[in-house]
Each structure stands twice: as structure tokens, then as C-alpha cells.
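Working notes for the structure below.
The values are calculated or read from the model by the stated rules, or taken from the named source; none is laboratory data. Since this is a predicted model, take the numbers as computed values, not measurements. Note: ideal-geometry Cβ built from the backbone for every residue, glycine included; neighbour counts use all protein chains shown.
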Amino acid sequence: MNIMTLKKVLLCLVLLSSLSMMSQELGKVTGKISLNGNAPAENISVVLKGTKYVAVTNEHGQYEIKNVKPATYTVIIRAVGIHKVEDQIVVTAKQTTIKNFTLSESQEDLDEVVITKNKYKQDKPSLSLRLQTPVLEIPQNIQIVSGQTLKDQQITSMSDGVIRNVSGAVRLEHWGDLYTNITMRGSQIQAFRNGFNVVSSFWGPLTEDMSFVDHIEFVKGPAGFMLSSGDPSGLYNVVTKKPTGITKGEVSVLGGSYDFYRVSIDLDGKLDKKGKLLYRFNGAAQNKGSHRAFEHNNRYVIAPVISYQIDDKTKITAEYNFQYANMTEVGSYYVFGPKSEGYATLPVGFTMTQPGLPDTNIQDHSGYLMFEHKFDDNWKLTAQTSYFKYIQQGYSSWPGVVGPGPVDRDFNGVPEGNLEKGEIIRNVGIWDAESNMYLGQIFLNGKFTTGSITHKVLGGVDLGNKDYMADWGQSHDLDTVDNPFNVYNPNYGTPSNGLPAFDHTTPLSVRAGGKMNSSYAAGYVQDELGFFENKLRLTLAGRYTWISQTSWGETQADSHITPRVGVSFSVTDDLAVYGLYDQAFLPQSGIIKNGDKVKPLTGNNIEFGIKKDWFDGAWNTSASIYRIVKENELTADPTNGPNDIYKIVLGEKRAQGVEFDVRGKLLDGLNLIANYAFTESVVTSSAISTISVGSVVPGYAKHTANAWLNYSLQSGKLKGLGASIGGTFLAGRQTDTWSAGAEKLPNYFKLDGGLSYETGKIKITANVFNILDKYLYSGSYYEWLNAYYWQTEAPRNFRVGVTYKF
């Protein structure tokens with residue numbers, strides 16, 4: 001060894017010795033940041049004030065700052081939307097300083113920004129549900145479908161398989177990928193978005209694209225008490241994505257069977273250095289074909305959001321969602337057959353739609369402005385307003401006559417003659433529509449104590465004005481008696497009676513034959529009283545609602561007070577039982593043939609249940625039983641033709657059943673969603689001679705069962721490889737009309753599954769749907785046509801997607 005080499009070795013030894021001595025003189029700071037209930041808080045910034053020392057909590061809420069010089073420091077905890085937390089620590093040489101924090105007083109805000117590693121389970125409802133209580137302690141059945149669930153199952157819209165994740169939810173009339181129309185607990189439930197009731201007619205709103213959806217909350221029972229008027233069967237609340245304060249983004253590309261191509265982007269970040277001005281932008285473009293010829297449904301979406309944190313107490317958020325659908329005419333997915341043949345007598349891909357008809361276009365705009373102000377850690381004021389505008393221009397297809405049998409109509413364009421088996425006269429009607437909704441909410445959340453009793457109070461005011469108008473007055477027969485459409489030998493050339501030429505230029509306000517309007521104002525107050533260190537919770541609430549509604553020129557006003565009483569008891573920290581009595585008050589739109597006034601729907605719900613978190617909240621089970629009674633409900637009259645203008649007042653009906661849900665992480669890498677529901681809905685009082693007491697109410701399935709199991713390898717060379725399997729079973733399916741016909745819908749079973757692989761910033765997901773390639777359909781018997789109609793689901797099909805995070 002020469003002298004130069006020896007000098008280098010000695011120098012390295014000196015440097016290593018110096019570094020070793022320095023490290024021995026430094027200290028370390030570690031700890032855990034938790035939310036209420038000891039839930040870990042992830043992605044929370046931990047800073048030693050005035051230094052470069054900083055850390056971010058992991059999925060367990062843990063942080064670690066190494067190589068800290070001995071001194072006294074101020075620790076600062078920061079996250080978007082919460083008060084800054086500060087505390088002093090002393091760092092000693094060669095020692096580890098442990099400092100834990102609990103952020104329970106701001107958990108409701110952290111729910112907006114904390115990312116959970118439990119893929120399928122969320123413990124708290126969104127701020128838009130206005131509650132300050134964890135789901136486990138709420139005296140009501142609430143199921144939350146997480147954003148990761150939507151990604152794993154490759155769900156692209158609200159009508160694309162979401163309901164498999166919730167007990168008892170069905171769509172027996174699928175309405176394609178246009179309107180969601182979910183039935184639960186025996187009735188169609190209300191559609192909400194960010195806490196606003198967005199239903200302006202039976203058919204709307206346009207089903208939400210998942211590109212801008214964070215998660216979806218299914219609230220069972222009449223929780224419209226707090227979220228404007230709602231159906232006693234329940235609601236679903238679509239919660240859109242908001243800025244998190246974490247700079248990140250992802251782009252996804254998806255392709256699949258039947259010319260399905262989709263790209264979406266999600267950008268999240270800061271617009272200033274201090275992190276007060278935040279943004280979120282989501283967009284998507286989709287080309288979607290169908291297993292039926294000549295059918296498509298293409299989508300384009302943009303959804304920007306901006307929030308500004310004025311100070312530690314005040315925040316403003318502005319959001320805009322735009323969806324554009326370009327699709328085949330409404331009703332193209334229906335197929336009709338004679339009464340003598342029954343359901344599903346034609347190939348799964350058969351279509352009755354006519355090539356050459358112009359596309360139907362739908363524009364769905366929604367804008368939101370939210371103001372949040374914290375007076376202190378216990379009191380918060382929220383005010384928000386929204387505007388929804390829906391514009392539709394297009395067509396709706398529905399046959400005029402289904403053979404065999406005579407064609408007997410009046411003069412003036414209605415042909416007479418006779419049709420043979422399989423012969424149909426197809427009809428196309430105009431469906432131009434417009435809806436405007438102006439909605440406003442202001443509410444106050446507060447916490448205080450009186451002696452040993454805790455109080456969580458909620459009070460607020462709702463205001464709204466909704467209008468809907470449509471032109472259904474123009475129609476055109478595509479076929480003639482002499483040259484009808486034959487389902488056994490279809491001719492998709494120019495139809496024998498030509499294509500329609502409808503008037504779209506005259507203002508819709510002049511053409512509209514169906515005009516509906518409702519205005520409402522409501523005030524409510526709720527107090528959740530906690531006894532015995534909040535182990536026993538009593539909820540007392542009341543709501544006053546005034547509604548004025550106009551349907552086809554008939555105007556009426558009404559008001560009602562609806563009470564709410566709930567009890568929840570924590571047997572242990574992770575086991576709660578509850579009971580609930582609730583009422584609902586809901587405006588209805590329609591026209592009754594005999595001229596009677598349309599009354600608001602009223603109903604009440606009695607519910608009991610049990611909820612249990614397992615293994616430190618990794619997964620949850622819930623079971624409930626309920627009984628709902630509804631009065632004055634309007635329903636379609638099947639004897640009055642396809643325009644569906646006239647309604648009938650049912651009288652009273654009762655729905656009751658049992659529901660069970662399980663969701664969450666069973667083991668590391670193993671996640672499960674499973675549910676079962678038994679539902680029974682019958683008429684208990686009837687004002688209609690053709691509907692007797694005891695008749696089964698249409699529109700639900702008596703037994704529904706779903707499961708989705710996902711597993712991914714957590715270590716080894718194949719780490720990140722995952723597999724999923726899921727199924728849906730429906731039995732005792734009821735049709736959607738009172739005209740039951742002679743044939744019932746058969747039991748339904750669908751099996752899906754897939755593979756995924758995640759490495760670094762890239763994730764690849766591939767799913768196969770309807771693996772067993774079954775002929776799956778839903779439908780009803782239509783008395784006016786003396787025919788069955790049904791719509792098929794796609795045979796075996798696949799989707800493959802790639803997501804890149806940056």
C-alpha cells in the first residue's frame with residue numbers, strides 16, 4: 001500500500017468516525033396522529049417550526065423525523081381544512097422523543113382530505129349529510145361505496161353496477177345508461193348530489209359519470225329529513241371529488257368489448273405556495289357501443305373545483321360539473337314480443353331501433369358554491385347554493401302496435417288492418433326537455449354539554465325551486481300495416497313510412513305539453529343527546545316543510561311537520577344497536593285522470609339494527625329490519641297508453657324486510673363486500689278497483705344477494721398482483737308495472753371477475769363481466785299493447801384499463 005492510498009483510507013476513517021459521533025449526538029422524533037376513535041390519520045404534515053425538519057404520516061398515522069439536533073422545538077400539525085395544531089417538545093441527544101396527537105375535534109374536515117388504505121370501508125359520512133357522528137353510532141342504515149370500489153370494479157357511471165355494493169338495491173328497469181332509477185325497500189329512491197335533491201322528474205337526473213365522483217352514500221329510510229324532502233325508502237348521495245391539498249394526479253385509459261373506449265384524468269393540487277388556494281380538475285371522454293346494433297352512448301365530462309382557505313376558520317369552495325351525452329334515442333334498448341310468446345324470445349343482441357334516426361343529446365350542468373365558517377372547535381356554519389340545468393333534445397321509441405291481432409285506431413293517420421305474429425308498427429316520439437333547479441341550504445352544527453349530557457345539535461333551512469317541461473306531443477309511425485317491421489325477418493333499411501320530421505325550432509316553452517314545478521321551504525332542528533359518556537345516544541328532531549307544486553296546470557300547496565326519534569347504544573366501543581322512527585313528506589308530479597288533486601306523498605319508517613366493527617375497524621357488519629308505510633303515492637296507469645301522462649293514486653302500501661351488509665379488509669390484501677336483503681312490499685289500502693288489498697307492489701326483487709372479493713399479494717416477486725370475483729343473485733323479481741301478465745321474471749345470476757397488477761405508479765386492471773355468458777334481462781308486461789317487453793344485458797364482455805399516477 002503506497003502513502004497516497006494510506007492517506008485516503010485514514011481520511012475515510014476520520015470522516016466515518018465524525019459522522020458516527022454526530023449521529024450519536026442527534027435525536028429522533030416519532031409519534032402517531034389519530035382521529036376520533038383511534039383511527040389513523042394519513043398524509044398529515046408534521047413540521048418542526050423554523051427548521052427544515054418535516055415528515056408526512058403513513059397509512060397507520062405514524063411519522064418519523066431522524067437526525068434532529070438536540071433543542072426545544074415547536075411541532076406544527078397541518079392539514080387542509082383544520083385548525084393548525086402546535087405543541088412543544090424537547091429533543092435529547094441519542095434518544096427518541098415520542099409525541100402523539102389526536103385530531104378528533106376536526107375529524108369531519110379531515111374526511112375530505114385523508115386517504116384511507118381500507119379500500120372498501122369508510123367510517124364517517126360526508127359533510128353533505130350534515131352529521132357529526134361516525135356511521136357506527138348513527139341510528140340508521142347507511143352504506144358507503146368507496147372510490148376504490150368504483151375503480152376495482154371498473155364502474156364508469158352511476159348506472160353501471162354500483163348497486164351490487166348495497167343490500168336490497170335493484171334496477172329492474174335499467175333505462176340503459178341514461179337514468180339510474182334505483183329501487184330499494186320497495187320504492188324508487190331519491191337521487192342526491194352533494195346533499196342536494198336533484199330529482200326534477202321521474203326520469204332524471206342523467207346518471208353521473210364516475211370520473212368526478214369520490215364516493216356514494218346510500219341512506220336507507222327517510223333521511224331526506226335533513227337533505228330536503230325525500231322518499232321514506234331512502235336516497236343515494238353522490239359525493240363529488242374535492243381538492244385535498246396534496247399535489248397529485250392520475251390518468252386512466254380503458255377499453256373493452258363493443259367499441260368501448262374511455263380516457264379520464266384527475267388533477268389535484270395547489271395554486272399558491274401557502275396552500276390556501278386549491279384546485280381539482282376531472283375530465284373524461286368515452287365512446288361506448290352496445291351488444292345491440294346501431295346503439296351507442298358517448299359521454300364527455302369536465303368537472304373543475306376551486307377552494308380558498310381564507311383563514312383557519314373560513315373556506316369557500318366553487319364547483320362546476322358538466323356532462324354531455326350523445327346517444328341513440330331513448331328506448332332503443334327495449335324489445336317487444338306478443339303475449340303468447342312471453343319474455344326473451346329473440347336473440348340477446350336483437351334491436352328494434354331504426355338506423356338513421358338523429359342522435360339524442362343531453363346536457364347536464366350543475367354548479368355549487370359553498371361557504372364554511374368555524375366559530376370555534378365546537379360550532380360550524382355551512383351555507384351552500386346550487387344551480388342545475390338539464391337540456392335534452394331527441395327522440396323516444398316505443399311501438400304503436402304489437403302483433404298478432406287487429407290494428408284498430410281512429411281516423412287521421414292511424415292505420416287499420418291486421419298484423420301477424422312478429423309484426424310490429426314501431427313509433428318514434430319527440431322528447432325535448434328542459435329542467436332548472438335553484439337550491440339553497442344553510443345549516444349550523446354544534447357541540448356542547450349540560451352537566452354529564454353531551455349534545456350534537458343541527459339546525460338549518462332549505463329552499464328550492466324546480467321546474468321541468470317536455471314536449472311529448474309529436475310522434476310518427478315508422479312502419480305501416482301493409483309493410484310492418486318483422487322481428488323474425490328484420491329490415492333495417494328506410495322504414496316504409498319514412499323517418500320523422502319533428503319541430504325542434506319552436507321554443508320548448510310553447511311546445512311543451514308537460515310542465516311541472518315545485519317550490520319548497522323547510523326548517524329543521526336535531527339534537528343528539530349523549531348519556532353515560534356518550535354510550536347511549538338519543539336523537540330528537542323535527543322538520544317543517546312547505547311545498548307548492550304545479551303539474552299540467554294544476555297548482556296546490558301543502559305543509560307538514562315530520563318528527564324523527566332515534567336511539568343508539570354502544571354495547572362496546574365497536575358494537576352498537578339502534579332503533580329509529582322517522583317520517584317523510586315528498587311532493588309528487590303528475591295528473592290524475594278524474595281530476596283529483598295531487599297530494600304530497602307521506603310515509604313513516606320504523607327500523608331496528610345492529611352494527612359491528614371487527615379487528616380495530618378493519619371491516620364492518622350491519623343488519624337491520626324495517627317497516628315502511630306510504631300513503632298517497634302516485635303510480636303509472638298501465639291502461640292509458642305509452643305517453644304515461646296519467647297517474648293513479650295507489651292508496652297505502654307497506655314495505656318490510658331484512659338487510660345485511662359486510663364490507664372492509666378481512667386480512668392484509670383481502671377485501672370483501674357482501675350483502676343480502678329480503679324485501680316484501682304489498683298494498684294495504686287501495687283506491688283502485690283493479691288493485692286489491694294484498695297485491696304485490698311492482699318494482700323490486702324479493703331476494704337480493706351480492707358479493708365482491710378482492711385479494712392482492714403483499715410481498716414476494718409477484719407483489720401487487722391481485723384477483724377479484726363477484727356475483728349478483730336476484731330471486732322473486734317483480735316487474736315494473738301493475739300488469740303482471742302470465743309470465744314472471746326468472747331468477748337472475750351474474751358472475752364477474754378479474755385480475756390486476758400494480759407496480760410503482762402504474763396499475764393494470766382487467767375484468768370480465770357475465771363470465772357464464774347468461775341471457776340476462778329485465779322487463780314487464782304492458783297491458784296497453786297486450787305484449788311483453790324486455791331489455792337485455794350484454795353477454796360475456798371485458799374491460800382492460802391502465803392507470804398512471806403522478
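Structure values in brief
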| quantity | calculated |
| --- | --- |
| Filtered residue count, segment 116-148, keeping only those that are in a loop (DSSP other than H, G, I, E, B) and either closer than 20 Å to G168 by Cβ or among the aliphatic types (A, V, I, L, M) (or both) | 10 |
| Residue satisfying all of: in segment 78-96; modelled with pLDDT of 85 or more and surrounded by 16 or more Cβ atoms within 10 Å (Cβ to Cβ); farthest from T314 (Cα to Cα) among these | V91 |
| Strands (runs of 3 or more DSSP E) fully within segment 385-492 counting 3 or more residues that are surrounded by fewer than 20 Cβ atoms within 10 Å (Cβ to Cβ) | 405-407, 432-450, 453-471 |
| Count of segment 690-715 residues which are of a type in the set (S, T, Y) and in contact with a strand residue (DSSP E or B) (Cβ under 6 Å, 6 or more places away or on another chain) | 5 |
| Whichever residue in segment 593-621 is surrounded by fewer than 17 Cβ atoms within 10 Å (Cβ to Cβ), among the charged types (D, E, K, R) and under 30 Å from T635 (Cβ atoms) and, among such residues, is modelled with the lowest pLDDT | K593 |
| Criterion (out of contact with any Cys (no Cβ under 7 Å at 6 or more places or on another chain), within 26 Å of A787 (Cβ to Cβ) and either crowded, with 16+ Cβ neighbours inside 10 Å or assigned by TED's automatic domain parsing to the domain that holds Q153 (or both)) met by exactly one of S712, S695, S689 | S695 |
| Scan of segment 159-180 for residues that are modelled with pLDDT of 90 or more and outside any helix (DSSP H, G or I), ordered by number | V166, S167, G168, A169, V170 |
| Criterion violated by Q153 - all others in (1) surrounded by 21 or more Cβ atoms within 10 Å (Cβ to Cβ); (2) free of Cβ contacts under 8 Å to residues at least 40 places away in the same chain; (3) among the polar types (S, T, N, Q) satisfied | (2) |
| Total residues in segment 693-704, condition within 23 Å of L172 (Cα to Cα) and assigned to a loop (DSSP other than H, G, I, E, B) | 6 |
| Subset of segment 209-253 [surrounded by fewer than 23 Cβ atoms within 10 Å (Cβ to Cβ), among the polar types (S, T, N, Q) and modelled with pLDDT of 95 or more] | T240, S252 |
| Given (1) in a strand (DSSP E or B); (2) closer than 30 Å to T133 by Cα, index of the condition D312 fails | (1) |
| When residues of segment 254-278 are limited to those that are more than 22 Å from the chain's Cα centre (by Cα) and of a type in the set (A, V, I, L, M), the one surrounded by the most Cβ atoms within 10 Å (Cβ to Cβ) | L278 |
| Segment 246-258 residues that are within 30 Å of L271 (Cα to Cα), paired with ones that are charged (D, E, K, R) and surrounded by fewer than 15 Cβ atoms within 10 Å (Cβ to Cβ) (beta carbon under 6 Å, 6 or more apart) | E250/K805 |
| Residue count for segment 723-754, restricted to those that are surrounded by 19 or more Cβ atoms within 10 Å (Cβ to Cβ) and not in a loop (DSSP other than H, G, I, E, B) | 9 |
| Residue that is farthest from H215 (Cα to Cα), among those in segment 97-115 that are aliphatic (A, V, I, L, M) and at pLDDT 70 or above | I98 |
| Selection within segment 275-298 - touching a strand residue (DSSP E or B) at 6+ places or on another chain (Cβ under 6 Å) and either part of a loop (DSSP other than H, G, I, E, B) or among the small types (G, A, S) (or both) | K276, G283, A284, A285, K288 |
| Top-ranked residue in segment 658-692 [being part of a strand (DSSP E or B) and β-branched (V, I, T); ranked as farthest from K119 (Cα to Cα)] | T684 |
| Residue check, A677 without any contact (Cβ under 8 Å) to a residue 60 or more places away in the chain and surrounded by 17 or more Cβ atoms within 10 Å (Cβ to Cβ) | no |
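Per-residue answers, yes or no, for (1) under 22 Å from G651 (Cβ atoms); (2) modelled with pLDDT under 90:
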residue	(1), (2)
V525	no, no
S548	no, yes
G579	no, no
F585	yes, yes
Q588	yes, yes
I591	yes, yes
